[in-house]
Amino acid sequence: MQRLSLRLGKNTIRNDKGVPAMHVNLPPDLETLVNKRLSSGGYSSVEEVFRRALEAQDAEESWTAEERQAFAAHIEEGFMQAERGELIDGAQARREIQEMKANWHQERASKG
């Protein structure tokens, strides 16, 4: 398995031996998105940005019909709770989401 090193613009993707593997030309809007992710501090490299994006896409595409239905049910439940005024404050919601995100990344890393 080759390890890739990615750079933006006219940059070359190289394997771990420094040999060019392929060229990637990103349109300006995608380059802006990648740079935004990098400047957020949440990603340490262009490779990590692409890796996470592709992992998320793989995870989404691997959902079964049952998982999609369960997700839709959770959304519906949340909508109904909101209509009843059963909301939590934003800070609490962000903490819970960050915890779920960290757990998801940890699970993905242990499988990969």
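The values are calculated or read from the model by the stated rules, or taken from the named source; none is laboratory data. If you're wondering where the values come from, they're calculated on a predicted model, not measured in any experiment. FYI the Cβ positions are ideal-geometry reconstructions off the backbone, even for glycines, and counts take in every protein chain you see.
Okay, here's what the table says:
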| read-out | value |
| --- | --- |
| Residue ID - modelled with the lowest pLDDT, chosen from residues in the range 40-55 that are of a type in the set (Gly, Ala, Ser) and surrounded by 10 or more Cβ atoms within 10 Å (Cβ to Cβ) | SER45 |
| Condition met for ARG95 (surrounded by 10 or more Cβ atoms within 10 Å (Cβ to Cβ), in contact (Cβ under 8 Å) with a residue 24 or more places away in the chain, within 26 Å of GLY42 (Cα to Cα) and of a type outside the set (Ser, Thr, Tyr)) | no |
| Given (1) among the small types (Gly, Ala, Ser); (2) assigned to a helix (DSSP H, G or I); (3) surrounded by 10 or more Cβ atoms within 10 Å (Cβ to Cβ), index of the condition SER110 fails | (3) |
| Among (1) out of contact with any helix residue (DSSP H, G or I) (no Cβ under 9 Å at 6 or more places or on another chain); (2) surrounded by 11 or more Cβ atoms within 10 Å (Cβ to Cβ), the one test that ARG84 misses | (2) |
| Members of the range 47-71 found to be under 13 Å from the mean Cα position of the chain (by Cα) and more than 20 Å from GLN106 (Cα to Cα), listed by number | none |
| Any hit, the range 56-79, residues being acidic (Asp, Glu), in contact (Cβ under 8 Å) with a residue 12 or more places away in the chain, surrounded by 10 or more Cβ atoms within 10 Å (Cβ to Cβ) and not assigned by TED's automatic domain parsing to the domain that holds HIS105 | no |
| Every residue from the range 81-110 that is more than 16 Å from the chain's Cα centre (by Cα) and among the basic types (Lys, Arg) | ARG84, ARG94, ARG95 |
